[in-house]
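The values are calculated or read from the model by the stated rules, or taken from the named source; none is laboratory data. None of these values were measured; they are calculated from a predicted model. So basically every Cβ, Gly included, is an ideal-geometry build from the backbone, and we count neighbours across all protein chains shown.
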Amino acid sequence: MFIKTVASTPFSDQRPGTSGLRKKVSVFEQPNYLENFVQALFNSLSGVTGKTLVLGGDGRYYNDTAIQTIIKMALANGFGRVMVAKDGILSTPAASCVIRKYQAFGGIILSASHNPGGKDDDFGIKYNTSNGGPAPEKITEAIYARSKTLNSYRIADIDDVDISVLGETKIGDFTVEVFDGISDYVELMKTLFDFSDLKKLFASGFTMRYDALNAVTGPYARRILEEELGAPKGTVVNGTPLPDFGGKHPDPNLTYAKDLVDYMFGDNAPDFGAASDGDGDRNMILGNHFYVNPSDSLAVICANYQSAKGYADGLLGIARSMPTSQAANKVADALGIKCYETPTGWKFFGNLMDADKVTICGEESFGTGSNHIREKDGVWAVLFWLNILASRRQSVSEIVTDHWQKFGRNYYSRHDYEGIDSTAANGLMENLQSKFASLKGAKLGDYTVDIADNFAYIDPIDGSETTNQGVRILFTDGSRIIYRLSGTGTSGATLRVYLEKYEPDTAKQNQDAQSALSDLIKIADDLAGIASRTGMEKPTVIT
Ligand code: G1P
Ligand code: ZN
């Protein structure tokens with residue numbers, strides 16, 4: 001066949017971050033840039049001959065071009081079949097579901113997640129392995145190593161495949177299958193949640209708004225909420241995936257999903273509000289005039305596991321990323337199960353789920369999910385909440401307030417300083433580390449430092465060690481300040497400061513989180529010299 005080997009020269013910047021390789025579209029548009037990365041990926045996999053590769057993305061700008069290139073390169077590198085989602089629309093959780101269901105060798109997801117899209121914004125590419133989860137670091141590091149020496153790539157000289165029509169195209173022994181990226185996922189949700197109970201909830205007059213932020217979950221949410229569950233048309237807003245997300249920043253948080261937040265805090269607010277991000281793995285949960293912190297959402301879901309039929313037999317364990325609040329630990333203790341603490345990034349949950357150690361996992365960064373797949377899952381979290389609401393018939397605020405009364409409240413907030421100078425950011429982190437020895441036992445305001453360290457993790461399943469995962473200042477009363485630099489940004493550095501304080505006294509649980517944390521916020525700034533080192537008086541995003 002018409003397989004070409006094209007000479008190329010290596011790029012030095014193709015190291016995948018927390019979640020795949022993310023760069024500006026203009027970087028990906030450089031000749032051979034995408035091709036080199038894909039070839040480095042294929043070179044680092046063995047045994048792909050005749051196997052199936054799943055392919056899709058969040059519909060952002062450059063998806064179409066990348067999909068055609070990857071189909072041609074998969075053919076040239078020996079794959080037997082590429083399953084590409086119709087119109088390229090495949091959420092990250094749906095990709096995980098499809099890889100598992102059809103026992104594919106792996107999958108490529110084209111997305112920069114919650115980063116803005118469009119010609120002048122971000123594009124990304126992630127590889128998931130046969131368990132449906134993000135490639136572990138040994139694969140991403142192997143890709144990076146190969147990318148640095150790569151001098152050619154293989155590509156088939158064939159016509160573009162029409163991905164707007166379902167069906168198969170055969171090219172010799174190679175098959176391109178265009179499949180419906182929505183249906184398999186909807187089927188999986190039906191095995192976990194009782195759709196008839198949820199139908200009754202909507203029939204009883206329950207109201208909600210789902211804001212898909214013009215990103216990938218629109219078609220999933222419309223199919224499930226409006227078609228399957230009978231929610232009125234218009235329940236899903238911004239439901240058509242657009243290449244530039246309609247100019248929105250597709251990140252479901254208080255800053256970027258402000259329209260939804262305003263609506264949920266307005267006069268005609270419905271009972272429930274939710275949003276998801278660019279590729280559908282994040283979620284934000286809101287009630288009528290009520291915001292649910294993602295760490296609390298994880299804890300509430302775990303505490304109410306019996307509400308959902310797929311979980312009613314019990315949870316194997318829970319896992320949370322290190323910066324995520326310890327609210328889930330309280331639930332795990334009450335349930336008599338273990339709560340694992342992992343580095344930031346969903347990939348660290350995979351081994352625990354594969355080894356049947358945990359059922360539900362979560363991150364403070366609006367990520368929640370379970371062992372039904374190997375990615376976090378925005379629509380899943382929304383459906384879980386709907387099950388809780390259907391079985392408890394209380395408002396979101398009543399459910400969360402009840403939870404605090406029972407388990408105590410972990411006041412929690414994350415302060416992000418975006419777009420800061422990388423040298424200043426690294427200096428800030430180094431300075432903190434130089435203080436570890438003197439901090440032990442030190443009094444900072446009303447708090448006494450128990451441990452000051454840089455978080456390291458030894459995977460309990462495969463023994464692999466991951467270091468340098470964030471500076472932790474742990475106080476003797478369980479309060480914490482964590483400092484981390486983001487691994488997903490595409491320009492400059494982002495400093496994340498995570499603040500947490502435990503409040504068991506029910507009389508003191510109804511403060512605004514920022515006020516309750518104000519003393520810790522001040523300590524965090526003083527200790528790290530945030531304002532003086534970054535020149536920023538306040539964070540760009542507070543969640
Ligand atoms: C961020 C979040 C992290 C999440 C990742 C991918 O990574 O903090 O929890 O897993 O996005 O969605 P960061 O930019 O902090 O490295
Ligand atoms: Zn995402």
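Tabulated results
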{"item": "Pairs, first surrounded by fewer than 24 Cβ atoms within 10 Å (Cβ to Cβ) in the stretch 337-366, second among the small types (Gly, Ala, Ser) and assigned to a helix (DSSP H, G or I), C-beta under 8 Å, six or more apart", "result": "Lys338/Ala332; Cys339/Ala328; Cys339/Ala332"}
{"item": "Residue list for the stretch 329-347, restricted to those being under 25 Å from Ser96 (Cα atoms) and among the polar types (S, T, N, Q)", "result": "Thr342, Thr344"}
{"item": "So Val396, is it more than 30 Å from Phe206 (Cα to Cα), in contact with a Phe, Trp or Tyr (Cβ under 7 Å, 6 or more places away or on another chain) and surrounded by 14 or more Cβ atoms within 10 Å (Cβ to Cβ)", "result": "no"}
{"item": "Helices (runs of 4 or more DSSP H) contained in the stretch 349-467 and holding at least 2 residues modelled with pLDDT of 95 or more, of a type in the set (Val, Ile, Thr) and within 16 Å of ligand 2 (Cβ to nearest atom)", "result": "378-392"}
{"item": "Total residues in the stretch 256-302, condition within 16 Å of ligand 2 (Cβ to nearest atom) and more than 22 Å from Leu201 (Cβ to Cβ)", "result": "9"}
{"item": "Residues (in a loop (DSSP other than H, G, I, E, B) and hydroxyl-bearing (Ser, Thr, Tyr)) located in the stretch 156-185", "result": "Ser164"}
{"item": "Tally, over the stretch 1-21, of residues that are away from ligand 2 (no atom under 16 Å from the Cβ) and not in a loop (DSSP other than H, G, I, E, B)", "result": "5"}
{"item": "Number of the condition not met by Arg484 [criteria: (1) in a loop (DSSP other than H, G, I, E, B); (2) within 16 Å of ligand 1 (Cβ to nearest atom)]", "result": "(1)"}
{"item": "Members of the stretch 496-537 found to be farther than 22 Å from Asn410 by Cβ, modelled with pLDDT of 95 or more and not in a helix (DSSP H, G or I), listed by number", "result": "Gly529"}
{"item": "Search result, residues across the stretch 95-122 that are hydrophobic (A, V, I, L, M, F, W, C) and either free of Cβ contacts under 8 Å to residues at least 24 places away in the same chain or within 16 Å of ligand 1 (Cβ to nearest atom) (or both)", "result": "Ala95, Ile109, Leu110, Ala112"}
{"item": "Near pairs, Cβ below 7 angstrom, 6+ apart or cross-chain, from the stretch 370-388 (closer than 19 Å to Tyr340 by Cα) to any residue that is of a type in the set (Gly, Ala, Ser) and modelled with pLDDT under 95", "result": "Arg374/Gly133; Arg374/Gly350; Glu375/Gly133"}
{"item": "All strands (runs of 3 or more DSSP E) inside the stretch 22-124 with 2 or more residues being within 16 Å of ligand 2 (Cβ to nearest atom) and among the basic types (Lys, Arg)", "result": "none"}
{"item": "Output for the stretch 487-519, where each listed residue is away from ligand 1 (no atom under 13 Å from the Cβ) and of a type in the set (Ser, Thr, Tyr)", "result": "Tyr502, Thr506, Ser515, Ser518"}
{"item": "Among (1) loosely packed, with under 14 Cβ neighbours inside 10 Å; (2) polar (S, T, N, Q); (3) under 30 Å from Ala424 (Cβ atoms); (4) modelled with pLDDT of 95 or more, the one test that Ser491 misses", "result": "(4)"}
{"item": "Matching residues, the stretch 137-155, being crowded, with 19+ Cβ neighbours inside 10 Å and part of a loop (DSSP other than H, G, I, E, B)", "result": "Leu150"}
{"item": "Matching residues in the stretch 90-132 - criterion: being over 25 Å from Thr49 (Cα atoms) and under 17 Å from the mean Cα position of the chain (by Cα)", "result": "Ser91, Pro93, Ser111, Ala112, Ser113, His114, Asn115, Pro116, Gly117, Asp122, Phe123, Gly124"}
{"item": "Unmet requirement for Leu21, which otherwise passes all of (1) within 16 Å of ligand 1 (Cβ to nearest atom); (2) more than 28 Å from the chain's Cα centre (by Cα)", "result": "(2)"}
{"item": "Residue list for the stretch 262-295, filter: under 21 Å from Gln326 (Cα atoms) and within 16 Å of ligand 1 (Cβ to nearest atom)", "result": "Arg282, Asn283, Met284, Asn293, Pro294, Ser295"}
{"item": "Number of positions in the stretch 176-212 that are within 21 Å of the chain's Cα centre (by Cα) and farther than 20 Å from Val236 by Cα", "result": "3"}
{"item": "From Ala437, Ala452, residue being closer than 21 Å to Thr342 by Cβ and without any contact (Cβ under 8 Å) to a residue 60 or more places away in the chain", "result": "Ala452"}
